[in-house]
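To start, the structure under review is shown below, and the notes come after it.
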Amino acid sequence: MNAMTRPDHAAARTVIATPALAAHATPKPNLLSVEDAKALDVARMTDLFKAHLNPGQLHFMKLLGFHKVKVERAEGMYYIDQNGRKILDFFGGFGSLALGHNHPRILEARRKFQEEKRHEIAIAFMSQYAAALAHNIAACSPGDLDMVFLGSSGSEAMEAAVKVAERAAGPKRPKIVYAENSFHGKTKGVLSITDGQLYRGEFKLVGNTVRVPFGDIDAIENAFRSDPEIGTIVLETVQGGGGIIQAPAEFWQKLRKLCDQYGVLWVADEVQCGVGRTGRFYAFEHYGVVPDVTALAKSLGGGKTAMGAMIARRDVYMKAYGTPKTAMIHAAATFGGIGEACITSIEALNVLYDEGLIDNAAATGDYLLDRLNALQAKYPKIIKEVRGQGFMVGLEFQDFSQTLPMVLRPMVSLLDDKLKGSLSGFIGALLLRDYDVLVAFTEYNRNVIRLEPPLICQKEHVDRFVEALDSLLSRGITGIVKDFLKSQVG
Ligand SMILES: Cc1ncc(COP(=O)(O)O)c(C=O)c1O
């Protein structure tokens with residue numbers, strides 16, 4: 001091992017010496033250039049990742065074989081790696097890639113914006129780009145969901161959503177109801193309504209929360225009735241991290257009624273399921289109801305920028321921040337509504353409708369579900385359930401811990417905790433290794449694979465995905481586990 005690949009801190013910092021261009025009083029540190037960054041090979045990326053980003057995360061990438069891939073380019077439905085291998089993307093950045101990778105209209109809008117030397121940051125002035133994007137988001141939103149706060153992530157949008165609701169509910173009603181297995185982000189505020197022990201760690205959380213089972217209208221009614229301090233309820237319309245879990249239409253319709261009856265504000269987290277993913281712009285539109293506040297992020301950035309938005313009913317927003325005295329309480333952060341990010345999102349929303357991507361998510365999503373249901377009928381001992389809507393699909397596998405041959409059990413028990421009893425890790429790893437297909441996992445249910453392909457996905461991509469999965473499953477549970485174990489030693 002030479003100094004270039006040694007994994008220790010100091011070695012990683014001295015990977016490439018960039019020649020100084022001119023002598024200045026303040027010497028330039030040993031900085032990598034953009035071209036250096038593009039040229040890093042897998043070994044050097046690994047060193048830098050370990051030294052400066054997240055050594056523990058690398059451990060999981062290694063388990064799955066993802067650490068061998070260096071993505072060089074990405075286009076449409078595919079990543080292209082350092083060896084020219086085209087990887088079919090059914091992961092879709094956890095729902096961030098509605099338009100696919102590097103959509104030509106997004107690239108063109110950004111190129112033009114740059115060539116015209118448009119501004120990014122002009123906090124002192126109004127932004128024509130932020131104003132237009134807010135108009136577009138309001139135009140995509142039903143009812144009087146008209147007021148928009150722009151940020152840079154789903155967590156930031158959800159923080160804004162919880163804060164606007166808390167202020168509108170008033171100081172006597174600060175309590176927030178949230179659901180079991182929820183995921184709303186990892187920043188300190190929304191962590192308190194994200195139901196994962198792993199993410200909560202041992203942080204001191206905000207105390208004004210009430211947890212209910214997802215989709216349990218009686219539990220919600222009981223909570224509202226028994227605790228007059230409850231002013232807000234926050235729910236993902238489709239639980240992504242929970243394993244693609246939906247509640248029936250009647251649940252949402254009753255929820256709307258209960259919220260009106262008890263004066264509780266309903267915040268719908270659409271960060272993952274919004275922007276057309278389920279076959280409607282917002283997933284709650286399937287149920288004919290409108291929340292008081294909602295949030296978008298992920299695909300709102302067109303796959304090319306970081307954009308998050310909180311959208312509130314006008315009366316809710318005005319109650320919270322509607323006067324000159326209250327207007328700055330939660331006004332945009334430094335990067336909220338910056339130029340190129342806004343025009344990227346403006347173009348993304350236009351492309352979404354011009355190309356009929358919401359309708360494609362509905363129709364081709366149905367085709368995906370049909371084909372997966374047929375696969376479930378073929379392999380009932382491996383696939384337990386197929387569920388979801390549009391291009392937000394969960395594939396739950398059977399718990400194989402009792403059916404695995406005795407000889408393999410000790411070997412599996414040596415594996416990392418994350419993989420025990422779960423086929424999804426093995427299947428995800430082998431889909432990538434043997435079939436050039438990428439899928440995602442879920443935060444809380446280790447037996448579920450999450451499929452969130454770009455909304456440009458066509459039947460031919462679905463066919464390719466299903467045929468890969470069919471071929472892999474035809475190896476049987478024992479074959480899959482053996483092949484995975486071999487990949488760990490090989
Ligand atoms: C439903 C939901 N809400 C909020 C978030 C947080 O978004 P971000 O990771 O952009 O902060 C996520 C991210 O996965 C999410 O799925």
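Tabulated data
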item: Chymotrypsin sites (Phe, Trp or Tyr not before Pro) within region 173-235: DSSP coil, no more than 11 neighbouring Cβ in 10 Å; result: Phe203
item: Approximate spin-label separation Asn54-Ser401, in nm, with each point projected 7 Å along Cα-to-Cβ; result: 2.6 nm
item: Those residues of region 248-271 whose amide nitrogen sits under 19 Å from the label point placed on Asp227, 7 Å along Cα→Cβ; result: 255-256, 258-269
item: Calculated on alpha-carbon atoms, Rg and Dmax of region 286-388 in Å; result: 19.9, 64
item: Segments 368-379, 451-462, 35-46 sorted - mean Cβ within 10 Å per residue, highest first; result: 451-462, 368-379, 35-46
item: Amide N of region 453-467 lying under 19 Å from the label point, which is placed 7 angstrom from the Cα of Asp359 along Cα→Cβ; result: 455-460
item: Over the chain: Kirkwood hydrodynamic radius from C-alpha pairwise inverse distances, Å; result: 24.3 Å
item: Violating pairs (Cα-Cα greater than 26 angstrom) within the set Lys172/Lys319; Lys38/Lys112; Lys28/Lys117; result: Lys28/Lys117
item: Order by protection proxy (mean Cβ within 10 Å, highest first), peptides 111-123, 151-163, 435-447; result: 151-163, 435-447, 111-123
item: Val42-Glu460 pseudo-label distance in nm [points 7 Å out on the Cα-to-Cβ vector]; result: 2.9 nm
item: Spin-label model distance (nm) - Asp260 vs Asp436, 7 Å beyond Cα toward Cβ; result: 5.4 nm
item: Per-residue [θ]222 nm for the chain (sum of -39500 (n - 2.57) over DSSP H runs n ≥ 4, rounded to 500); result: -12000 deg cm²/dmol
item: Whole-angstrom Cα spans of region 161-283 along principal axes, big to small; result: 38, 36, 24
item: D (Stokes-Einstein, µm²/s), Kirkwood Cα radius, region 397-490, 1.306 mPa s at 10 °C; result: 113 µm²/s
item: Protection-proxy order for peptides 423-431, 72-80, each taking the mean of Cβ atoms within 10 Å per residue, highest first; result: 423-431, 72-80
item: Alpha-carbon Rg with Dmax, taken over region 105-354, Å; result: 17.8, 59
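Coordinate-derived values only; no laboratory data. Keep in mind the model is a prediction, meaning the values are calculated, not measured. All Cβ positions, glycine included, derive from the backbone under ideal geometry; neighbour counts span all protein chains shown.
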